[in-house]
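What follows is a single structure, written as structure tokens, with notes after it.
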Amino acid sequence: MTRPFRFGVVAPLRTDPSTWRDRVRRIADFGYSTLLVPDFPQTQPAPAPCSPPPRP
């Protein structure tokens with residue numbers, strides 16, 4: 001049995017509530033079925049790579 005294909009949008013919370021509401025309504029009007037919001041409201045820098053342990 002096949003399932004219908006669904007589309008989603010990742011939309012960060014960076015605006016005031018009325019602008020956010022309008023954005024969500026436009027997203028729904030475009031036909032998207034999923035709205036994802038990042039865990040962090042601000043842009044976060046990527047973690048730095050770890051250094052290997054020192055050799056003996």
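The values are calculated or read from the model by the stated rules, or taken from the named source; none is laboratory data. Not measured: the values here are computed from a predicted model. Counting neighbours? That spans all protein chains shown, and the Cβs are built from the backbone with ideal geometry, glycine included.
Residues in the stretch 36-56: is at least one at pLDDT below 75, surrounded by 10 or more Cβ atoms within 10 Å (Cβ to Cβ) and in a loop (DSSP other than H, G, I, E, B)? Yes. Applying a threshold of 7 Å to beta carbon distances and a minimum spacing of six or more residues, or different chains, the list of pairs starting in the stretch 1-19 at a residue that is within 18 Å of residue 29 (Cβ to Cβ) and without any contact (Cβ under 8 Å) to a residue 40 or more places away in the chain and ending at one that is surrounded by 10 or more Cβ atoms within 10 Å (Cβ to Cβ) and β-branched (Val, Ile, Thr) reads 6/34; 8/34; 9/27; 11/27; 11/37. The set of residues in the stretch 1-31 being among the hydroxyl-bearing types (Ser, Thr, Tyr), part of a loop (DSSP other than H, G, I, E, B) and modelled with pLDDT of 90 or more is empty.
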